[in-house]
1. Just checking, does region A:105-117 include any residue being within 14 Å of the chain's Cα centre (by Cα), small (G, A, S) and either crowded, with 20+ Cβ neighbours inside 10 Å or in a helix (DSSP H, G or I) (or both)?
2. Given the conditions (1) among the polar types (S, T, N, Q); (2) away from DNA strand C (no atom under 15 Å from the Cβ); (3) surrounded by fewer than 19 Cβ atoms within 10 Å (Cβ to Cβ), which single one is not true for B:Q24?
3. Just checking, which of A:Q139, A:Q144 is free of Cβ contacts under 8 Å to residues at least 24 places away in the same chain and assigned to a loop (DSSP other than H, G, I, E, B)?
4. Residues in region A:54-64: is at least one assigned by TED's automatic domain parsing to the domain that holds A:A39, of a type in the set (K, R), modelled with pLDDT of 90 or more and touching a helix residue (DSSP H, G or I) at 6+ places or on another chain (Cβ under 8 Å)?
5. For residues that are touching a helix residue (DSSP H, G or I) at 6+ places or on another chain (Cβ under 6 Å) and within 8 Å of another protein chain (Cβ to nearest Cβ), scanning just region A:184-194, find the one that is nearest to B:A151 (Cα to Cα).
6. Condition first: without any contact (Cβ under 8 Å) to a residue 24 or more places away in the chain, away from DNA strand D (no atom under 16 Å from the Cβ) and within 14 Å of chain B (Cβ to nearest Cβ). Can you find one or more residues in region A:94-114 that meet it?
7. Would you check if A:L157 is under 23 Å from A:L108 (Cα atoms), modelled with pLDDT under 90, part of a helix (DSSP H, G or I) and under 19 Å from the mean Cα position of the chain (by Cα)?
8. May I ask you to list the residues in region A:136-180 that are of a type in the set (S, T, Y) and within 7 Å of chain B (Cβ to nearest Cβ)?
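The values are calculated or read from the model by the stated rules, or taken from the named source; none is laboratory data. As the structure is a prediction and not an experimental result, all values here were calculated from the model. Neighbour counts run over all protein chains shown; Cβ positions are idealised from the backbone, glycine included.
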Number of protein chains: 2
Amino acid sequence: MPRTGRRPGPARTRERILGAARTQFGREGYDKATLREIAAGAGVDPALIPHYFGSKEGVFLAAVEFPVDPALFIPRLLEPGVEGLGERLVTFFLETWDSPAGSSLLALIRSVVSSDLAAELLREFVTREVLGRLAVAIQLDQPQLRASLVATQLVGLAMLRYVIKVEALKSASREELAGWIGPSIQRYLTEPVV
Amino acid sequence: MPRTGRRPGPARTRERILGAARTQFGREGYDKATLREIAAGAGVDPALIPHYFGSKEGVFLAAVEFPVDPALFIPRLLEPGVEGLGERLVTFFLETWDSPAGSSLLALIRSVVSSDLAAELLREFVTREVLGRLAVAIQLDQPQLRASLVATQLVGLAMLRYVIKVEALKSASREELAGWIGPSIQRYLTEPVV
DNA sequence: CTGGGAATTCAACGGCTGTAGAATTCAACG
DNA sequence: CGTTGAATTCTACAGCCGTTGAATTCCCAG
């Protein structure tokens, strides 16, 4: 059983493919992004991508891993107590989008609208990992509705600031936005029943 | 100069093509929708569409006309005064989406994310027709930022309720949602400077 | 009844897509 | 140095797309 053959390589090129895939999926969304463009971005032959990841779907799933771990950040946001939770949540949300991890989120949100696969993926993940944890954290009625309302405000903010790029939101500072939007989130999370 | 030849027809089939186009663009978005599927939905040969509307872009522009006229509904919403404006706005927004006109909006929001053409179209229209009118209506500082914040909340609501179809939002009543979200909108519009 | 012209269909082209499989390169080993 | 087998590339296929221009249908005027 000879342990021979070409050894080094795939670690490097796998990473470069994933990087180019994130860029491309973020810029174009799942459908418009093509394996040929991703391969060109990675300086690689297009056939290498199905070879490593099985299919276009495979490289998408490998590329858009959720860039933050809810099991970590949710307790960290809750730790200082409920007061100011809304503002902290908005600030954390904007910091994540403005960080390098934002490209993964852009790929996800762009793809969610065009691909049922991506929509299902995100809905399952958010329901299980995020809404679940938030539901047990806030000890109030209708936790799913409350968490969903929070999501509407945050998703809308991401859509207009990062996807459509509305000028007034693009040029506003994180602190300013947190000051405006934080209280809305806070109310969705803590306001007693309507 | 003989006025002869086949006369009736196009009015009917033009309408049927536009209807099928709205359905298809709403279900698939601009990119995924195909002329062949639209034609099949209208019971018509695919070549008729470029023939009547010039191109795929042409039938899209003809199909997704904004289904409500801001010049009409904005004064109507403002007329009872500023108190309760937030709730009225949310209610009107949801009524429009739940009406037959909602399919045009779905086509628009689905397409905005995949097509630069649609994004540019919507951004220009909203900036000019909606934000402008709202800005003069509310006599406060930073009218564009305020109107954009309103838009984030409404767009996010539409995304999660009608595009991703999150259960908690899909099954909530219009009144319930207006009760939760209305105050946020109200604050964005009328809260004195932060 | 007959011809003309609009309405509609047919057939096809060129381009792009994801993907499969054969062919080739090349670093590491005996 | 030659063999080996993984890493990579080449070639090609089948399918769908928007669009085109010629062919056909069919209503209506004369």
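1. yes
2. Result: B:Q24 fails condition (3) only.
3. After applying the criteria, what remains is A:Q139.
4. Taking every residue of region A:54-64 in turn, at least one turns out to be assigned by TED's automatic domain parsing to the domain that holds A:A39, of a type in the set (K, R), modelled with pLDDT of 90 or more and touching a helix residue (DSSP H, G or I) at 6+ places or on another chain (Cβ under 8 Å).
5. Restricting to residues being touching a helix residue (DSSP H, G or I) at 6+ places or on another chain (Cβ under 6 Å) and within 8 Å of another protein chain (Cβ to nearest Cβ), the top hit is A:S184.
6. Yes, the conditions are met somewhere in region A:94-114.
7. No, not satisfied.
8. A:S148, A:T152
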